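Here's the structure, in structure tokens; my notes come after.
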Amino acid sequence: MYPFSKIEKKWQKRWDQLGSNKAQNFSKKPKYYALVEFPYPSGDGLHTGHVRSYTAMDVIARKRRMEGYNVLYPIGWDAFGLPTENYAIKTGIHPKIVTRKNTDTFRRQLRALGFSFDWDREVNTTDPDYYKWTQWIFLQFYKKGLAYKARMPINWCPSCKIGLANEEVIAGRCERCGTVVEQKEKEQWLLRITKYADRLLDDLNTVDYLDKIKTQQVNWIGRSEGAEIEFSIKGCKDKISVFTTRPDTLFGATYMVLAPEHKLVAAMKNEISNWREVKSYITKTSDKSEEERIAEGKEKTGVELKGIKAINPANKKEVPVFVADYVLVSYGTGAIMAVPAHDRRDWEFAKKHKLPAVMVICPNYPDKTCPVLREAYVGDGFLVGSGKFDGTPSEKAKWEVTKFVGGRKRVQYHLRDWIFSRQHYWGEPIPIIFCAKCGEVPVPEKDLPVKLPEVKKYQPTSTGESPLSSVKNWVNVKCPVCGGPAKRETDTMPNWAGSSWYFLRYTDPDNKKVLADPKKLKYWMPVDWYNGGMEHTTLHLLYSRFWNKFLYDIGVVPFSEPYKKRTSQGMVLGRGGEKMSKSKGNVVNPDSVVKTFGADTLRLYEMFMGPFDQAIPWDEKGLNGCSRFLGRVWEMAQKRVAKKITNPDLERALNKTVKKVGNDIESMSFNTAVSALMIFSNDCYRVETIPLEVWKKFLIILAPFAPHITEELWERAGNKKSINLEKWPVYNEKLLKEDKFELLVQVNGRLRAVILAKTGINEDGAKDLALRNENVKTQLGTRRVKKVVFVPNRLINFVV
RNA sequence: GGGCGGGUGGUGAAAUGGCAAACACGCAAGGUUUAGGACCUUGUGCCGCAAGGCUUGAGGGUUCAAGUCCCUCCCCGCCCACCA
């Protein structure tokens, strides 16, 4: 063991004094903006998952500095949020105080790990100087009509007493507390993210994100092209409008379904002869929790609206109309045309309710016979039973049929507008005032920030009102327009607000006049490399791209896409491969690891433990190996390094290592990079003395992973300047070439001999060499060689 | 049901179509210590005394050569989920 504790403290202090991690605005060096997701400073302290992500980007940031870049690697606190508020409710301590305490802990822990953050650029989303600009951005959304209030059913968590965005509802439960979510009608602020859906989708082509991240965003946005078609109702002037991606199957529509919440259902009350039955079905479904709906699985329930008939506009046939909860009011038009023959869900429902399935798409060419249906046929084919469209390929028929019945093309997204209201204390107040005379009035920009008032109780109310509503002297204000009595909006923003633009603030964290100086934004943006958790792909990542695009549109930021490159780390799991959690008692505290093994060992281990993008269970035994490795490096540096000697073998090995480590860092194959460093140190271990120049380069390429020990050894090797100021070594392609290689000799693809041969040997030479080998001779025997496969500098294979 | 990852030793895992198991953990034996989660050496996929044979979830195929490419299937993880 080496004195890691002393060394790590010494260098952390020294780096602060030197200011070596500070990013320089407008430096002539090329800029590099490396970003990690800023943590939510929870009371539990830093998690090993943070360490994994932050170490990875720290390795990259440190390498970039050595490559001559002016690096911005910032950190801050995403500090608004429920756990802090809940803690405040329980203890009565102000969230502000709790946040300060937690950020202090996080800061101490992050510093102890030697991350090369620029601590001068710390941001905190709960700082009024910061959230002033979060509110300012909201006002810009408002001015452009992209923030609007609507009364709508929202996902309501009865335990947290908060409205949730769709993204925050997981399998019908609250993402945070796991309580079953209810539907509740409420006035809500929404952001019109759907207006940006196409650009959020299309611009994915311009960025370098991992494919799985792109795919997830594409699926989440869920763009689908289809048609909107109207069905008239017999004896009634109302029409039922449906959205379908398969207008080509219109002739096969044998019934219709309305969502239970569809407005027409109640509107047609008087015409529905079995209204009582229908009403009871609707009540039953609205009482049903999402969970129950899922538990019922594929069992599709529904009730026919007796007395109501719709007309299929394609063939003018009368079709029955149902209400069924397998149709969602929130997607498309809230109503569907049902084509049992060509839709699995409709097939099931039809089977249960004994409704006819009429095949209108035949998979075979028009002249062939169609197969008998045993299940819905959802593929393409040719139209049959569709009047004049018979024989038309289904893809082509889509728009022809649409036109024929007077429908129109329509694009539908899975993405919904972003519900932006929360009924909580610990968030940014939404800067809107309601005046009896003037209506909705935005807070004038000069009055920002709208600061959170001091309150005694943080408890949310069961009526769904924010705790802010009880702070009378805060709520009651003069209308900024008419000066008359008015009231503030008491809802706050969701915890995703502050994190939707924080990367912009890092470029200019103290600016009092604008959210960031345009020149600084121009210099630093876009983020060159952003690493974070896969779980933020459809939330934070999409939201922040949306905000950035909006700010680009109003001329505040210079680039439409905020992040050039996005990668993701795998989760660090507990010992058995389970998620780390307090309740399971398998949480690893980085503090204790740093105390026992040192920060460098922890950093190295988190990089070595497995492929970076995969989830890996924690294993403290693995720490031993990394600790041992650094211990050996320490020993060797103290005793075995000498000036003025050379060792060509080691030099060649070093060259190889420089290349491998460099490439592996770029591809985030940190585990194999560390293994290459270990292999080289093993090579060194085998020789008596190690040339100083070779050793120095080794220290440099190890430094991004283990910055403290390498810095100390660097100093002990007689260097006056920090190792951070060294250049990343260049490998010599010539030196990589070896003059000999192991020629593999195969007979019928099976390895029979390994012969040392000269690099560059030709086929004849290799053949000669191989045929002289005894084992090869025996294997070949008297058999005739049919074919020889020769791979230069690798193998020769005799096929007999 | 859909999407995305995976399946290789006792464990974490490596492997541009070209020696499967690098590196590390663990284990075993020996050494050195004996306050050690210390250190060093050697060994370590399976069968076999050996020569040799077998081995990357299962089965087929392409190829001189397959963990890697193609087809059929099974299993596991994560995310989404009645999205018309």
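The values are calculated or read from the model by the stated rules, or taken from the named source; none is laboratory data. It should be emphasised that the depicted structure is a prediction, and the values quoted were computed from it without experimental measurement. Counting neighbours? That spans all protein chains shown, and the Cβs are built from the backbone with ideal geometry, glycine included. Heavy atoms of the whole protein, side chains included, go into the accessibility calculation; ligands, DNA and RNA do not. Shrake-Rupley method; radii C 1.70, N 1.55, O 1.52, S 1.80 Å.
Selection of segment A:205-251 for residues being among the aliphatic types (A, V, I, L, M), more than 27 Å from A:Tyr148 (Cα to Cα) and open to solvent by less than 20 Å² (accessible area, probe 1.4 Å) yields A:Val207, A:Ile213, A:Ala227, A:Ile229, A:Ile233, A:Ile240, A:Leu250. Would segment A:362-380 turn up any residue that is at pLDDT 90 or above, surrounded by 13 or more Cβ atoms within 10 Å (Cβ to Cβ) and over 21 Å from A:Ile137 (Cβ atoms)? Looking through segment A:362-380, none of the residues is at pLDDT 90 or above, surrounded by 13 or more Cβ atoms within 10 Å (Cβ to Cβ) and over 21 Å from A:Ile137 (Cβ atoms). Quick check on A:Pro691: is it over 31 Å from the mean Cα position of the chain (by Cα) and either near RNA strand B (Cβ under 10 Å from one of its atoms) or under 26 Å from A:Val730 (Cα atoms) (or both)? Yes; evaluated as a whole, the condition is true for this residue. Of everything in segment A:562-591 that's more than 17 Å from A:Gly533 (Cβ to Cβ) and among the polar types (S, T, N, Q), which residue is least open to solvent (accessible area, probe 1.4 Å)? Here the answer is A:Asn586. Report the residue count in segment A:679-693 for those that are of a type in the set (Phe, Trp, Tyr) and at pLDDT below 95. Residues meeting the conditions: 1. Of the residues that sit in segment A:757-793 and are part of a strand (DSSP E or B) and within 50 Å of the chain's Cα centre (by Cα), which one is farthest from A:Lys737 (Cα to Cα)? Checking each candidate, the answer is A:Val789.
Can you pull out the residues in segment A:669-682 that are farther than 8 Å from A:Pro611 by Cα and open to solvent by less than 20 Å² (accessible area, probe 1.4 Å)?
Passing the criteria: A:Ala673, A:Val674, A:Ala676, A:Leu677, A:Phe680, A:Ser681.
Among the listed residues A:Val327, A:Val323, which satisfies the condition of being open to solvent by less than 70 Å² (accessible area, probe 1.4 Å), modelled with pLDDT of 85 or more and more than 8 Å from RNA strand B (Cβ to nearest atom)?
Details: A:Val327 fails: more than 8 Å from RNA strand B (Cβ to nearest atom).
Only one candidate qualifies: A:Val323.
Residues that are crowded, with 17+ Cβ neighbours inside 10 Å and within 16 Å of RNA strand B (Cβ to nearest atom) within segment A:183-193 comprise just one, A:Ile193. Of A:Leu725, A:Leu769, all but one fail to be among the aliphatic types (A, V, I, L, M), surrounded by 11 or more Cβ atoms within 10 Å (Cβ to Cβ) and within 30 Å of A:Lys10 (Cα to Cα); the exception is A:Leu725.
For segment A:277-300, the condition holds for no residue, the condition being that it is under 30 Å from A:Thr402 (Cβ atoms) and modelled with pLDDT of 90 or more.
Each residue in segment A:739-751 was checked for being more than 8 Å from RNA strand B (Cβ to nearest atom) and among the basic types (Lys, Arg), and 1 pass.
Going by what's in this entry, would A:Phe503 be described as farther than 16 Å from A:Phe80 by Cα, open to solvent by less than 10 Å² (accessible area, probe 1.4 Å) and not in a loop (DSSP other than H, G, I, E, B)? First the steps, then the outcome.
Numbers: farther than 16 Å from A:Phe80 by Cα: yes; open to solvent by less than 10 Å² (accessible area, probe 1.4 Å): yes; not in a loop (DSSP other than H, G, I, E, B): yes.
Yes, satisfied.
Candidates are the residues of segment A:347-368 that are aliphatic (A, V, I, L, M) and within 16 Å of RNA strand B (Cβ to nearest atom); the one that is nearest to A:Gly385 (Cα to Cα) is A:Val360.
Just so you know, in segment A:645-668 the residues that are at pLDDT below 95 and touching a Pro at 6+ places or on another chain (Cβ under 8 Å) include one that is most open to solvent (accessible area, probe 1.4 Å), and it is A:Thr646.
For segment A:76-128, filtering for residues that are of a type in the set (Phe, Trp, Tyr), open to solvent by less than 30 Å² (accessible area, probe 1.4 Å) and farther than 20 Å from A:Leu452 by Cα leaves 3. Quick one: is A:Lys696 free of Cβ contacts under 8 Å to residues at least 60 places away in the same chain and either in a loop (DSSP other than H, G, I, E, B) or more than 14 Å from RNA strand B (Cβ to nearest atom) (or both)? When the stated conditions are applied, A:Lys696 passes them.
Here A:Lys306 fulfils each of the conditions (1) in a loop (DSSP other than H, G, I, E, B); (2) more than 8 Å from RNA strand B (Cβ to nearest atom) apart from (1). Of the residues in segment A:592-609, at least one is surrounded by 14 or more Cβ atoms within 10 Å (Cβ to Cβ), under 24 Å from A:Phe4 (Cβ atoms) and among the small types (Gly, Ala, Ser). Being farther than 25 Å from A:Glu711 by Cβ, open to solvent by 10 Å² or more (accessible area, probe 1.4 Å) and assigned to a loop (DSSP other than H, G, I, E, B): is that true of A:Tyr40 here? For A:Tyr40, the condition - farther than 25 Å from A:Glu711 by Cβ, open to solvent by 10 Å² or more (accessible area, probe 1.4 Å) and assigned to a loop (DSSP other than H, G, I, E, B) - is met. Inside segment A:252-290, residues that are in a helix (DSSP H, G or I), within 11 Å of RNA strand B (Cβ to nearest atom), free of Cβ contacts under 8 Å to residues at least 60 places away in the same chain and open to solvent by 10 Å² or more (accessible area, probe 1.4 Å) make up a count of 0. Scanning segment A:528-543 turns up no residue that is closer than 17 Å to A:Ala34 by Cβ, open to solvent by 40 Å² or more (accessible area, probe 1.4 Å), not in a helix (DSSP H, G or I) and not hydrophobic (A, V, I, L, M, F, W, C).
Counting only helices (runs of 4 or more DSSP H) that fall entirely inside segment A:585-668 and contain at least 2 residues that are within 17 Å of A:Gly574 (Cα to Cα), under 32 Å from the mean Cα position of the chain (by Cα) and near RNA strand B (Cβ under 9 Å from one of its atoms), the qualifying elements are A:590-597, A:599-608, A:620-639.
Condition (residue is among the small types (Gly, Ala, Ser), modelled with pLDDT of 85 or more and either more than 9 Å from RNA strand B (Cβ to nearest atom) or farther than 28 Å from A:Asp649 by Cβ (or both)) applied to segment A:773-789: is it met by at least one residue? Checked segment A:773-789: no residue is among the small types (Gly, Ala, Ser), modelled with pLDDT of 85 or more and either more than 9 Å from RNA strand B (Cβ to nearest atom) or farther than 28 Å from A:Asp649 by Cβ (or both). Selection within segment A:669-683: residues that are in contact with an Asp or Glu (Cβ under 9 Å, 6 or more places away or on another chain) and either assigned to a loop (DSSP other than H, G, I, E, B) or β-branched (Val, Ile, Thr) (or both). The member of this set that is farthest from A:Gly625 (Cα to Cα) is A:Thr672. Of all residues in segment A:46-103, those that are under 22 Å from the mean Cα position of the chain (by Cα) and at pLDDT 90 or above total 25. In the set (1) hydrophobic (A, V, I, L, M, F, W, C); (2) modelled with pLDDT of 85 or more; (3) within 15 Å of RNA strand B (Cβ to nearest atom), A:Leu736 fails one condition alone, (2). Against the conditions (1) open to solvent by 30 Å² or more (accessible area, probe 1.4 Å); (2) away from RNA strand B (no atom under 11 Å from the Cβ), A:Pro707 satisfies every one except (1). Residues in segment A:335-346 that are hydrophobic (A, V, I, L, M, F, W, C) and more than 11 Å from RNA strand B (Cβ to nearest atom): A:Ala341 only.
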